[in-house]
Structure formats: structure tokens, C-alpha cells
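The values are calculated or read from the model by the stated rules, or taken from the named source; none is laboratory data. Quick caveat, the model's predicted, so the values are computed rather than measured. Note: areas computed on protein heavy atoms with side chains; ligands, DNA, RNA excluded. Shrake-Rupley method; radii C 1.70, N 1.55, O 1.52, S 1.80 Å.
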Amino acid sequence: CKSTFYCSRECQAVDWKSHKPNCRPVTSSHMKTNVFTENTVLNFVRANYVGIMKEIVKVSSETGKSKSDLLIELDFATPTGTGGLAPALKTPPEYKIAESKGYFEDERPNQPDWFYKNEDIRVYQNDITAVTAALKDTYERSTDDHVLGLVRSPTGDT
């Protein structure tokens, strides 16, 4: 399904029994996007690890939440009509660290604007159900060693 990424094959094997019931195959076009996104995210995290960890520690200290209760939001899509860079590709890169549950519980106060909430309600209603279910499932299976990530690919897919 490529909706969940792991830090190692060992973590993937340990999580398989929990993930298998929610795992759904994707189309070949989504597969290509996901492979690109996975490599992009890994490279981004490697290149910005120190800054990301400092921000996680800061947000954790401010909110009292553990690392595993936080999420990193990355946007690799170029803003429409601006000709500018995607937020995650700027110097310095733009990303958000926030409480994970704010993306999939109650009114979802932390969800990003790029979910089309205020632009196209039909797209939003169609996309949000799958995205929030995947986020919640991944969050519930996360351990203290992991940070959840929400990534928008260059094509705008989450």
C-alpha cells in the first residue's frame, strides 16, 4: 500500500500483523509517486535531522507531549501559480511539528490547508476519510521510537 514507511525491515516485519488488515494495494501510478515520496522524505530527514529533532524537543517541551505523540508535516508540492518552491524544499525548509491526534480526532484542528478543506468540499470529503484513517491506524501502532509523518507529494497526493 505504501501508506506506511518504516525505519528498517525489522520494524516493518514486527508491525506486519497489525498493519496487514489495513493494507490495501495502490495503482501503479500511486506506486511511482509513493516510491518517489519515500526517497524524498528519507533524504529530507537525513539532511535536516538536527533541525527536526530540535523542533521536536521544543514542541514536546511546550506541550508536554512525548515524541511519539507528535507528527511532522511535510509539503513537497509547488504552490499553484506561484512558480515558487515547495515549502519543504525552501532554504531553510518549512515543516510543521504538531500533536498527531489533532490530524485525525474531533474537529482535526491541525490538519493542513492543503487538504482542500476550504477549496473543494467534495475533494476534501473524499480524501479526508482515507487519510485520517491511515494516520490514526499508523499512530496507534507507533512506538516511542517513531515519529509519524504526513507528507504531500509533488503531485499533491497525501
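Residues Trp114, Trp16 ordered from highest to lowest accessible area at a 1.4 Å probe: Trp16, Trp114.
Converting phi to 3J(HN,Hα) with the Karplus coefficients 6.51, -1.76 and 1.60 and the offset θ = phi - 60°, segment 58-74 yields 4, 5, 4, 5, 5, 9, x, 8, 7, 3, 6, 8, 10, 9, 9, 9, 10 Hz in sequence order, with x at every glycine or proline. Put Thr143, Thr80, Thr129 in order of accessible area, highest first, and with a 1.4 Å probe you get Thr80, Thr129, Thr143.
Against the criterion of solvent-accessible heavy-atom surface with a 1.4 angstrom probe, Ser100, Ser61 sort, most first, into Ser61, Ser100. Can you list residues from other chains, or at least 5 along the same chain, whose modelled amide H is less than 5 Å from the amide H of Lys96? For Lys96, the qualifying residues are Glu73.
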